[in-house]
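Worksheet: one structure, shown below.
The values are calculated or read from the model by the stated rules, or taken from the named source; none is laboratory data. Everything quoted here is computed from the prediction, not taken from an experiment. Neighbour counts are summed over all protein chains in view; Cβ atoms, including those assigned to glycine, are modelled from backbone coordinates with ideal geometry.
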Amino acid sequence: MAIKLDTVITALRQVREPATGKDLMSLGQIRDLKIEGDGISMRLVLRDPGDPAQAALEQGVKDALMQVGATEVRVRVESAAPHAGASRGRAHREKHGVPGVQHIIAVSSGKGGVGKSTVSANLATALAKIGVRVGLLDCDVYGPNIPTMMGVDEPPQGRADEARGEMMLPPENHGVKVMSMGLLTKGDQPVIWRGPMLHSVVSQFLIKVDWGRLDYLIVDMPPGTGDVQISLTQLVPLSGAIVVTTPQEVSAQDVRKAILMFEKVGVPILGVVENMSFFIPPDAPKNEPEKKYRIFGEGAGTLLSEKFRIPLLAQLPIEMGVCEAGDSGTPIVARAPESAVARAFLDLARAVSHQVGASQAAEIEIGKF
């Protein structure tokens, strides 16, 4: 019987890099992981294989996998060039990234209906409010809701560029540059495409849109772990992914798949956002500020955080104004900045910025892969 992927991931999370104390999966040192029956193969990237503490990681990996039933573990050790991390990371972004964009962050969940687009729109708006340059790319080609939520309906303008040819200029609202298939199709016209077309449009949105200089490009992902997710991870280096869940187990089941998918392709998870965590009645007595109704249950965000050892970035309350704001084209962060949920989104923006910075610091610390 084949060993399950999540069992292998859990085992590898127990092996920690000595310089940082972080696990090898989170640091991206495990690559090309393959499971064939009860045999496992992989590449292990070490900053200095000649260092005994680093060399011991190979045996640590083998021991961890043997304990979960692997009968054969093949590890190919590779060396990261000394002092190559930051420079290699920058070169990789310049060569394969989006010109002018410093960080690309995916907002995903593995399922629909958890509020990814609401989180994406308000996170982008909150980042703009705290003073960073931000863009929002709607990669949900079949159900593009971002234009409505951001109050953008004009199609992108064209601009000729000598080096890159004809480029699209994304419209902007609430301090956020926006691109979506919803800006290129009319009304309720559906998009009926197979995988290759999806890959093409994601590529066009990344390399044929003139985003200018951005600190963050937030990418609102479609449900699932399919074509668009694969295309995005193949086309550009992601600074990380944020996974969105509701408090119920049904939501967490699909989010776990999304986390494992990102880990398998080497994308760090910045943290989990639990949306629709609780409801506080607007007419609740002011002397009962903690009167909360957990309509969708509770605990999924905390359990995901503990299982995968990732931060719980936010627990967002349910407020009636969120839907009204999204339908009106003004995210709640812009429409009612003093509301509890708007403050939570602003805290989320600060937490995401902190996590991206911490991830970069760890990359530099371990030898800059």
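Which condition breaks for T71 when tested against (1) within 26 Å of V243 (Cα to Cα); (2) of a type in the set (S, T, Y); (3) at pLDDT 90 or above?
(1)
Does the stretch 213-228 hold any residues that are within 10 Å of the chain's Cα centre (by Cα) and outside any strand (DSSP E or B), and which are they?
Hit for the stretch 213-228 is M221, nothing else.
Just to verify a result, which residue in the stretch 1-13, among those that are in contact with a strand residue (DSSP E or B) (Cβ under 7 Å, 6 or more places away or on another chain) and in a loop (DSSP other than H, G, I, E, B), is nearest to S305 (Cα to Cα)?
Ranking the candidates gives R13 first.
Select from the stretch 38-67 the residues that are closer than 15 Å to A11 by Cβ, surrounded by fewer than 16 Cβ atoms within 10 Å (Cβ to Cβ) and either hydrophobic (A, V, I, L, M, F, W, C) or free of Cβ contacts under 8 Å to residues at least 40 places away in the same chain (or both) and list them in ascending order.
Within the stretch 38-67, D38, G39, S41, Q59, D63, M66 qualify.
Outside any helix (DSSP H, G or I), among the aromatic types (F, W, Y) and modelled with pLDDT under 85 - does that describe any residue in the stretch 295-303?
no
Every residue in the stretch 345-360 that is among the hydrophobic types (A, V, I, L, M, F, W, C), farther than 16 Å from G326 by Cα and at pLDDT 90 or above, please.
L346, L348, A349, A351, V352
Checking the structure you have, find out if any residue of the stretch 248-257 is under 19 Å from V141 (Cα atoms) and either buried (at least 20 other Cβ atoms within 10 Å of the Cβ) or of a type in the set (S, T, Y) (or both).
No: the stretch 248-257 contains no residue that is under 19 Å from V141 (Cα atoms) and either buried (at least 20 other Cβ atoms within 10 Å of the Cβ) or of a type in the set (S, T, Y) (or both).
Say whether the condition of being on the phi < 0 side of the Ramachandran plot, out of contact with any helix residue (DSSP H, G or I) (no Cβ under 9 Å at 6 or more places or on another chain) and surrounded by fewer than 18 Cβ atoms within 10 Å (Cβ to Cβ) is met by at least one residue in the stretch 132-148.
No; the residues of the stretch 132-148 include none that is on the phi < 0 side of the Ramachandran plot, out of contact with any helix residue (DSSP H, G or I) (no Cβ under 9 Å at 6 or more places or on another chain) and surrounded by fewer than 18 Cβ atoms within 10 Å (Cβ to Cβ).
Scan the stretch 23-38 and give yes if some residue there is over 27 Å from the mean Cα position of the chain (by Cα) and not charged (D, E, K, R), otherwise no.
Scanning the stretch 23-38 turns up at least one residue that is over 27 Å from the mean Cα position of the chain (by Cα) and not charged (D, E, K, R).
Sort out which residues of the stretch 326-340 are buried (at least 22 other Cβ atoms within 10 Å of the Cβ), modelled with pLDDT of 95 or more and part of a helix (DSSP H, G or I), and write them in order of number.
Within the stretch 326-340, I332, V333, A334 meet the criteria.
Starting from the stretch 259-272, take each residue that is within 17 Å of K34 (Cβ to Cβ) and list its partners that are among the hydroxyl-bearing types (S, T, Y) and in a loop (DSSP other than H, G, I, E, B), counting only C-beta distances under 6 angstrom and pairs at least six apart or across chains.
Every condition considered, the pairs that remain are M261/T225.
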